[in-house]
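I have placed the structure first, in the form of structure tokens, so that the comments after it can refer back to it.
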Amino acid sequence: MTRHHNTEPGRDGFTLVEMLVVIAIIATLVALLLPAVQGARESARRIQCGNNIKQIALGLQSYHTIQGGLPRTICNRNADNATATASGGSTAWTLGRPDTWNVELFPQLELQNLYDGFDYAKKVGDATTSAAKPVSNLDLCQRVLPGHACPSDPVSSDPVLENRCNMATGTSLGHGQWYAGSLGPSHARGACQLCPTDTTWGTSPTPSRSNPCCNGNPGDAGQLGKDGYFPGFFGNNPVRITFDDCRDGLSNTVILGETLPRESVHNGIYVTNPMTVLLSTPINTFALQSEIVPDGGHDAASGSAIDHRVNGIKSRHPGGAMVAMADGSTQFLSETMSFPVLWALGTRRLGSLDVAPASIE
């Protein structure tokens, strides 16, 4: 009996066609899964960001309980200095000392050692040391702070920025400010850039205390609350606000807003006049690339004309940004939210001294 053997060569691998099919299947699966993975990572980053801003808001509540009020935006330890009260507080910016509201909050945020390390008689950019203060103010300003940067912003990977303005010594290295105090629905410098002229809302490009978009003292030259009047909790003036000043309820009023420090040289933890966020600017209104000051610079050539773009609430989260309310709760505000609702969230006393109720009905 003759046995026939199979002489066909054995198949030890995939054919080219089979390999291409496998690659195509893998590519399809990756394309399907990648958005889900990226979404999960962003969700985790947003949760962390919300926790960051919440801890700072709770720190403000603790500070208020101990001190009987919120920290001043500028000049806390140096509030009695004659310079601090001259010219409606505007010349206080030139003190250049590290008693900003952020620093005043350090003991409530488990940063007591850093708080104690500063020499409050010296300027932020002072590089000198002493036996009592062996680390200079300038060096302390370059320490990375836990919980003070939004992980969704790529800049947060290196949060010590080169061009922070400290007023007294030009530009310097310093930690950026991702969570800024709320000035409320106030105007920046000059006319209101984004106010609609539709009289239905009672608004116009002219700042006034009855204008919900650009609330403020018309006599103020638009210096972000330097005259001591501002509808939110923070203004660039040595004025202390208390929670009793909030007639609308702490859960209804924004106290902190997320922002992007790379867009403004005045946005830093140790900046003498730290940037306050305006609630008269739509969420996620970004500065133009040409308006972002390069490292080593100070102000963009367009200067005050861009305040309405650099000073708003914004983030790298898709669709909106985080805020903290004065009661310590947090919210994610959509970039599509109603403009009048945003104004209302920013003012402490809607319908009383800040904004006429009829103007947002």
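For every residue, the table says whether it meets (1) among the charged types (D, E, K, R); (2) over 24 Å from LYS54 (Cα atoms); (3) at pLDDT below 95.
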site: CYS141; (1), (2), (3): no, no, yes
site: SER152; (1), (2), (3): no, no, no
site: ASN163; (1), (2), (3): no, yes, yes
site: THR169; (1), (2), (3): no, yes, yes
site: LEU173; (1), (2), (3): no, yes, yes
site: TRP178; (1), (2), (3): no, no, no
site: ALA188; (1), (2), (3): no, yes, yes
Got at least one residue in the range 100-115 being over 29 Å from ASP245 (Cα atoms) and either surrounded by fewer than 20 Cβ atoms within 10 Å (Cβ to Cβ) or of a type outside the set (A, V, I, L, M) (or both)? yes
Does the range 265-286 hold any residues that are hydrophobic (A, V, I, L, M, F, W, C) and either closer than 25 Å to PRO98 by Cβ or crowded, with 20+ Cβ neighbours inside 10 Å (or both), and which are they? VAL265, ILE269, VAL271, MET275, VAL277, LEU278, LEU279, ILE283
Can you tell me which residue is surrounded by the most Cβ atoms within 10 Å (Cβ to Cβ) among those in the range 242-264 that are more than 24 Å from VAL103 (Cα to Cα) and charged (D, E, K, R)? ASP248
Within the range 87-125, how many residues turn out to be small (Gly, Ala, Ser) and at pLDDT 95 or above? 1
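The values are calculated or read from the model by the stated rules, or taken from the named source; none is laboratory data. Please read all numbers here as calculations on a predicted model, not as lab measurements. Glycine gets a Cβ as well: all are built from the backbone with ideal geometry, and neighbour counts include every protein chain shown.
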